[in-house]
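What follows is a single structure, written as structure tokens, with notes after it.
We did not get these values from a lab; they are worked out from the coordinates using the rules stated. Just so it is clear, the structure is predicted and the values come from calculations on it, not from any experiment. For neighbour counting, all protein chains shown are included, and Cβ atoms are generated from backbone atoms with ideal geometry for every residue, glycine included.
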Amino acid sequence: MDTGNSYYGRQQPGASHDSTMAPTPQRPGSPSGDSGRNPFGDGVDSQAASQRNANPFSSPSASRPPSSFDSSSAAGARYEGQRFFHSRRVRKGEVEKPWTKNVDPKEKWVTILPIIGIVIGLAISGFLVWDGLRSVVKHKYCLVLEENWDNGVDPNIWLKEVQVGGFGNGEFQRTTGDDTNIFVENGNLIIRATLEDDARLQKNFTIDLLEDKTCTADDYKSCIAVTNTNDGNSSVVPPVLSGRMNSKPGASIKYGRVEVTAKLPEGDWLWPAIWMMPVEDKYGPWPTSGEIDIVESRGNNYTHTQGGNNIMSSALHWGPDPANDAWWRTNVKRAALHTTYSAGFNTFGLEWSQKYIFTYVNSRLLQVLYTNFDTSLWDRGNFPIADANGTRIHNVWEEKGGKNAPFDHRFYLILNVAVGGTNGWFEDGANSKPWLDGSPNAKKDFWQAKDRWLPTWKSPQMEVEKVMMWQQCNGDEDL
């Protein structure tokens, strides 16, 4: 140990008072200003302590980057090198701009050519938009029907269909002309499904619409229904009452537009429809003369396998015979957006010309089904050469119609609420369906399960606010 510079020793004889030897250190907590001094003499703690004493809220010196000090490093050693992040402002006239003195005449084209390109591009885009708008067919329409039910159900326009035969679909309802099932309430047409008297299904009973002359059909099966309780007999009268009406007496169109504003029913196995049938069977019985389904739906909720009241579908029916109905080639579904079609009113529309048919919901921009007639439906159908019996199938539209046959003659509008059916609209086994389509007991099985489906009938009716029909009247409808 060098005793001449001892840390704890006294001043040695001969030593100057100006000696740089460190004094005796103070104890912690001493009021002396040197209490933060580093006894090893490196100067770092002294500088940090000095700054802490000056500003108790400042960052410790050791944690600050060197660039934060004006001219010293974090360790306190001063140097005269270039400062970090040093910059200066460029003064006007200090930087030469040779391009302002020697202008190349070709440089202007660097600006002119892109501007010319933009102008040409805008001109071409404008022409394409104009040409597209010009090519859109704009038909002239003449009003045929504006029905808001101010005068009730006008029999000069509407026919209430009264039948018991299931309308070819094995439907379970009897349609009536009674005010119970078709009536106007609060300015809206109501088509409501109700229950048949249970006694008529529990004992022998006959409904004969021919006898009371109310049947709107002319065949026996559509006008007479029987409950037969004899052993082994499954016959029952339709277990449900409902309504169906059409505009055949007073409103039909060949090409044009249709809009129906309606709210669809809510309840299991209800089957609402807004659709069109031909005034005359120009090409023969269904489906050779066509059918236009603007909207069909199911009253079941969204859990139904085939879609419930959250789904609507549009379809065209066409073909040389019922076994070769090509509806599946022209069938489209549309889901309601975060709601159901039974929750409120929607406008279901159809636009139909000699060149196309399309359906829509609420706006023509929200198309559901679109079918054009650029190719004949016969070619599009790709029908077999012969039917199941070996009878040759021929083009039923070739002689009398064009590419859009059978959708080239007058159609009328139908509004109805059906219930059940045996044609596959409600798939067997789906969502605990209580009957089988092929069973002779289908109607009876449905009725016996009413404790399951009747509680779901929260709104077993279709409400129709307005019906609009326009005829295309350009004068060139058959072009």
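When peptides 118-126, 296-304 are ranked by their average number of other Cβ atoms within 10 Å per residue, the highest-first order is 296-304, 118-126. Charged neighbours of SER222, selected by a Cβ distance under 15 Å, balance to -2 (K, R count +1; D, E count -1). Partners of LYS140 within straight-line reach, counting lysines whose Cα lies under 17 Å from its Cα and excluding those fewer than 8 residues away in the same chain: LYS254, LYS355.
What's the FRET efficiency of ARG452 with LYS203 using the Cβ-Cβ distance as r and R₀ = 30 Å, to the nearest 0.05? List each step's numbers first, then the result.
On the way: r = 24 Å, r/R0 = 0.79.
Computed FRET efficiency for ARG452 and LYS203 comes out at 0.80.
What FRET efficiency, computed as 1/(1 + (r/R0)^6) with R0 = 60 Å and r the Cβ-Cβ distance, is obtained for ARG410 and VAL110, rounded to the nearest 0.05? If you can, show how the numbers build up before the last one.
Working: r = 67 Å, r/R0 = 1.11.
For R0 = 60 Å, the calculated efficiency reads 0.35.
Put simply, the C-alpha atoms of the stretch 131-220 give a gyration tensor, and the ellipsoid matching it has half-axes of 38, 18, 14 Å, longest first. The amide H of ALA418, built 1.01 Å from its N in the peptide plane, has TRP271, ALA273 as neighbours under 5 Å, considering only residues 5 or more places off or on other chains. Descending by average beta-carbon neighbour count within 10 Å, the peptides 401-413, 423-435 line up as 401-413, 423-435, the highest first. Both numbers refer to the Cα atoms of the stretch 286-407; Rg and Dmax are 16.4, 50 Å.
Extending 7 Å from Cα along the Cβ direction at ALA386 and again at LYS333 yields two label points whose distance is 3.7 nm. With each label modelled as a point 7 angstrom along the Cα→C-beta vector, the ASN372-LYS138 pair spans 2.0 nm.
For the pair ILE124 and ASP437, label points projected 7 Å from Cα toward Cβ lie 5.4 nm apart. Converting the Cα gyration tensor eigenvalues of the stretch 167-312 into ellipsoid dimensions via √(5λ) gives semi-axes, longest first, of 28, 21, 17 Å. Extension gain for the segment TYR220 to THR303, taken as residue separation times 0.36 nm less the Cα-Cα distance, is 26.0 nm to one decimal.
Rounded to the nearest Hz, the phi-derived 3J(HN,Hα) couplings of the stretch 262-271 under the Karplus curve 6.51 cos²θ - 1.76 cosθ + 1.60 (θ = phi - 60°) are 8, 10, 8, x, 10, x, 4, 6, 7, 9, where x marks glycine and proline. For VAL295, the amide hydrogen comes within under 5 Å of the amide hydrogens of ILE274, counting only partners 5 or more places away or on other chains and with H modelled in the peptide plane. The aspartates and glutamates within cross-link reach of LYS203, meaning a Cα-to-Cα straight distance under 19 Å and a gap of 8 or more places when in the same chain, are ASP231, ASP445.
Scalar couplings 3J(HN,Hα) for the stretch 373-390, obtained by applying the Karplus form with A = 6.51, B = -1.76, C = 1.60 to θ = phi - 60°, are 10, 5, 10, 5, 5, 5, 5, 5, x, 6, 6, x, 6, 9, 8, 5, 8, x Hz; x denotes Gly and Pro.
Shown in residue order for the stretch 102-112 are the 3J(HN,Hα) couplings computed by the Karplus curve 6.51 cos²θ - 1.76 cosθ + 1.60 at θ = phi - 60°: 10, 8, 8, x, 7, 5, 5, 6, 4, 8, 5 Hz (x for Gly and Pro).
What aspartates and glutamates does LYS450 reach when the alpha-carbon gap must be under 19 Å and sequence neighbours fewer than 8 apart in one chain are set aside? Output for LYS450: GLU171, GLU196, ASP197, ASP198, GLU266, ASP268, GLU427, ASP428, ASP437.
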